[in-house]
Amino acid sequence: MARDTSKGADQARRVSRPRRDRRQALIDAAIELIGEGGDADISAAAISRRAGVAHGLLFYYFTDKQGLVAAALTDVLAKLATFQSPRVDERTTRARLEGFVRRHIEFLENYRTVYVKMVREGMLADPDIERVIQDARAEGARQVARLAGLGEPLQPLTRAAIRGWVGFLDQAADEYFEAPELDLDPLVELTVDTLLGVIEALD
């Protein structure tokens, strides 16, 4: 039987999509379009078309496009937090930290365009998006502190030092992306050495 590609069939598919799937489809579509970079159309209409849902659902779930972009960024950063978590075979502090750094850089490389547009370029300059970024940086610092065996709550000086190192990690990742001659292994080693040196200085 031939596949029905009529407008009516498309509408039927949209209506039958579960509510959670429709919301996630909009998030996924936003991430895809932002990730295409360049002159990609990331209007509300284009995102809805890519998601295969009615245009009005974007505003139902997210109020406006800024709300959708904030949700998309939250989704990407949640994936990052999961991806850079320690593996069962990383039994020492150094192994866990090196694994964290390596996976952090690899993830940013995979989501490079999305990361640059949303984080580096401050896409849409929206307070909600800035809040998502700040919360993610704070959680990243807490994740690093746990991997390093630092007790919580962190003292103000320790918290400032760890957050500063997280910024250093992202700058090191930028250098890696922009310098093809830079090998990942020595960069990971240097980045972890830097963190351990910061922690030692706090003692």
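The values are calculated or read from the model by the stated rules, or taken from the named source; none is laboratory data. This structure is a prediction, so every number in the text was calculated from the model and none was measured. Every residue, glycine among them, receives a Cβ derived from its backbone with ideal geometry; neighbour counts consider all protein chains shown. With ligands, DNA and RNA removed, areas are computed over all heavy atoms of the protein, side chains included. Shrake-Rupley method; radii C 1.70, N 1.55, O 1.52, S 1.80 Å.
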Need pairs with beta-carbon distance below 7 Å; first residue modelled with pLDDT of 90 or more and within segment 48-76, second basic (K, R); sequence gap 6+ or separate chains. G52/R13; G52/R14; V53/R14; V53/R17; V53/R22; A54/R14; L57/R22; Y61/R23
Given the conditions (1) open to solvent by 70 Å² or more (accessible area, probe 1.4 Å); (2) more than 11 Å from the chain's Cα centre (by Cα); (3) within 28 Å of D185 (Cα to Cα), which single one is not true for R137? (2)
How many residues does segment 185-203 hold that are open to solvent by 40 Å² or more (accessible area, probe 1.4 Å) and in contact with a Lys or Arg (Cβ under 7 Å, 6 or more places away or on another chain)? 0
State the number of residues belonging to segment 152-163 that are without any contact (Cβ under 8 Å) to a residue 24 or more places away in the chain and part of a helix (DSSP H, G or I). 3
Hey, can you tell me all the residues within segment 101-120 that are buried (at least 21 other Cβ atoms within 10 Å of the Cβ) and more than 14 Å from the chain's Cα centre (by Cα)? V101
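Quick check, is I129 under 11 Å from the mean Cα position of the chain (by Cα) and in a helix (DSSP H, G or I)?
no
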Breaking point among (1) without any contact (Cβ under 8 Å) to a residue 40 or more places away in the chain; (2) part of a helix (DSSP H, G or I); (3) open to solvent by 30 Å² or more (accessible area, probe 1.4 Å), for Y176: (1)
Quick one: would you say L202 is in contact (Cβ under 8 Å) with a residue 12 or more places away in the chain and touching a Phe, Trp or Tyr at 6+ places or on another chain (Cβ under 9 Å)? no
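L182 - would you say it is free of Cβ contacts under 8 Å to residues at least 40 places away in the same chain, open to solvent by less than 70 Å² (accessible area, probe 1.4 Å), under 16 Å from R102 (Cβ atoms) and not in a helix (DSSP H, G or I)?
Judged against the criteria, L182 is a match.
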Of (1) on the phi < 0 side of the Ramachandran plot; (2) in a loop (DSSP other than H, G, I, E, B); (3) at pLDDT below 95, G149 satisfies every one except (1)
Quick one: L124 ticks every box in (1) more than 14 Å from D170 (Cα to Cα); (2) open to solvent by 60 Å² or more (accessible area, probe 1.4 Å); (3) modelled with pLDDT of 80 or more bar one, so which box is it? (3)
Test E90 against the criterion of being acidic (D, E), surrounded by fewer than 18 Cβ atoms within 10 Å (Cβ to Cβ) and within 14 Å of the chain's Cα centre (by Cα), and give yes or no. no
